[in-house]
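For reference, the structure discussed in these notes is given below.
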Amino acid sequence: MGTRTVLAVVSGTQDVLALQAALLEAPFPGQQDVLAAAETVMVRADSPAAARRIGQALLELDLTAPAEQAGGLVVIDTVYDGEDLAEVGKLTGLGADGVITAHTGQVWTVAFAGFAPGFGYMVGENQALEVPRRSSPRTAVPAGSVALAGNYSAVYPRKSPGGWQLIGRTGAKMWDLDRPEPALASPGHRVQFRAVRDVVQLASQGSQDSQQTDPATASGLRVLSPGIHSLIEDLGRQGHSALGVSAAGALDRASLRRANRLVGNAPSAAAIETVSGGLRLQAVGDQVLAVAGAPSALTVVTPSAAPTETETDPAETGDTEARQRTVPVAAPFALLDGEILTIGVPAAGFRSYVAVRGGVDAPPVLGSRSTDTMSGIGPKPLAANQLLPSGGAAESGVVGSPEIQPDYPGEDVTVLDIILGPRADWFDQAAIDSLCAQDWTVKPESNRVGMRLQGTPLERSRTGELPSEGTVAGAIQMPPEGLPVLFLADHPITGGYPVIGVVVDDQLDLAAQIPIGGSIRFRIAPETAAPAGPSEETPHEETPQRKASN
């Protein structure tokens, strides 16, 4: 499954649990993460070489079924008024009332977790409610939606994309980091759905990203304008797939590392990821910054007077005496107290990374300060007038020298190398040829979860449903409508649409810089030339960028 992941297919639930237990009890060298699903176990490695070794070793394992885990009973009050309730009634032949009776009349067991934190795949006592996924996934499913797909039922813990059939809604909080056990129903728990006329939404008792900063001692950056979309990101949180938590982190890892290196930070220090320019930041105290990634005009304005709490922006106060200068991309520079940095629209590429010496001091969640837009874990998107304290992530007493950046996607078609599989056998050769012969356009609905692509749809050579299985960043998932979705860092942990191929790991940074409306052409990487690829701890921005002209 790409260059650094192995997908092991086994015969059933017992073998899934046995293999998962064996891998967690005695991890292989280089093993990073393990994710169990319906009929597969996905193993993520820290390098392509380790993935190959693990793949060979898996074939020699003697699986012994683990002891069964019995969980408690969770009752979930549900209003059955979902958009797909009538359609499910037709598909099953039960009618809407029959679907409600069948759903509430059996006890469901959480077999495994995935897709998103708190999303449990529940298996029922019978097959009466077996239905296919929607032919085209929704871009946004409301939080609390009760849904069906295949033989499973689940509750969407938060607003997210999804292709399951929606039959109802609940106010139950399926995921809460303020609880000792964040998931309301984790693998092994039994679940009973209870029909009610209305649901009660419980107010949150805490906030995972609350942080009190003393204005008198604050030092960092104040957000004057967040631009189109700006987030706090580091290199992500690894090893939490079993909780339904993806790694997230910076989409262009090389640019994040470069920006941190320039200001003397640790490579994984938290920084700001912003798209398409428009971000405006004001220094609170003297700061050292660097901007890497999409090449943009960087303008620094020095107000004529010291900033005040109410007058911090020369553009709003009419400060005609303000001085202005430009600073280069990929080079450290000083932003003195009160000075304002504005990032312009990129000349190429899509994402820029702003590092401040010491790193952005946001509260870590599961070991990372990254914002995961799919799960809602981590800091919220930046907002106007927000203060971002700088922390203690500097590891060097000096700043770095200016660096040369690679080329970034522009008007030309960007070529991405892929490894076919793991579900290329769901497509005939004509479909695979079509995948690589045409230029795909990045649709406006794209985001950090995945890039939705427009082109000539591909047809599957197989019918039926694929049991949910693990996915990775770079996976090219194919819904029934035939238009690819290229998963990025905030992708769902599991999915039920076949993955025709996976972008090689060392080109994910390049993929992250392709703008909305940009063009992609996929190319099958020769097996003998598959990139050895560095681990995530090794810089890899020197990798040549492959392009083709229009």
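The values are calculated or read from the model by the stated rules, or taken from the named source; none is laboratory data. For clarity, every value in this text was computed on a predicted model and none was experimentally measured. Here Cβ is always computed from backbone atoms with ideal geometry, including for glycine, and neighbour counts include all displayed protein chains. Note: areas computed on protein heavy atoms with side chains; ligands, DNA, RNA excluded. Shrake-Rupley method; radii C 1.70, N 1.55, O 1.52, S 1.80 Å.
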- [ ] Would you point out the residue of region 252-266, among those that are open to solvent by less than 10 Å² (accessible area, probe 1.4 Å) and in a loop (DSSP other than H, G, I, E, B), that is farthest from Val300 (Cα to Cα)?
- [x] Asp252
- [ ] Would you point out the residue of region 139-149, among those that are outside any loop (DSSP other than H, G, I, E, B) and in contact with a Phe, Trp or Tyr (Cβ under 9 Å, 6 or more places away or on another chain), that is nearest to Glu39 (Cα to Cα)?
- [x] Ala149
Open item on the list: Looking at Ser246, Ser268, Ser230, can you tell me which residue is under 19 Å from Leu382 (Cα atoms), among the hydroxyl-bearing types (Ser, Thr, Tyr) and in contact (Cβ under 8 Å) with a residue 24 or more places away in the chain?
Closed with: Ser230
- [ ] Could you grab me the full set of residues in region 87-112 that are within 27 Å of the chain's Cα centre (by Cα) and either among the charged types (D, E, K, R) or open to solvent by less than 20 Å² (accessible area, probe 1.4 Å) (or both)?
- [x] Val110, Phe112
Open item on the list: Checking Leu35 against (1) at pLDDT below 95; (2) surrounded by fewer than 21 Cβ atoms within 10 Å (Cβ to Cβ), only one condition comes out false. Which one?
Closed with: (2)
Open item on the list: Just the residues that are touching a Ser or Thr at 6+ places or on another chain (Cβ under 7 Å) and either open to solvent by less than 10 Å² (accessible area, probe 1.4 Å) or not in a strand (DSSP E or B) (or both), please, taken from region 274-286.
Closed with: Thr274, Gly277, Gly278, Leu279, Gln282, Gly285
Task: Residue ID - most open to solvent (accessible area, probe 1.4 Å), chosen from residues in region 210-240 that are modelled with pLDDT under 95 and under 13 Å from Asp372 (Cα atoms) - done: Gln238
Task: Unique match (being free of Cβ contacts under 8 Å to residues at least 40 places away in the same chain, touching a helix residue (DSSP H, G or I) at 6+ places or on another chain (Cβ under 9 Å) and in a loop (DSSP other than H, G, I, E, B)) among Ala102, Ala128 - done: Ala128
Task: Hits in region 183-201 - residues which are in a strand (DSSP E or B), at pLDDT below 95 and not small (Gly, Ala, Ser) - done: Arg190
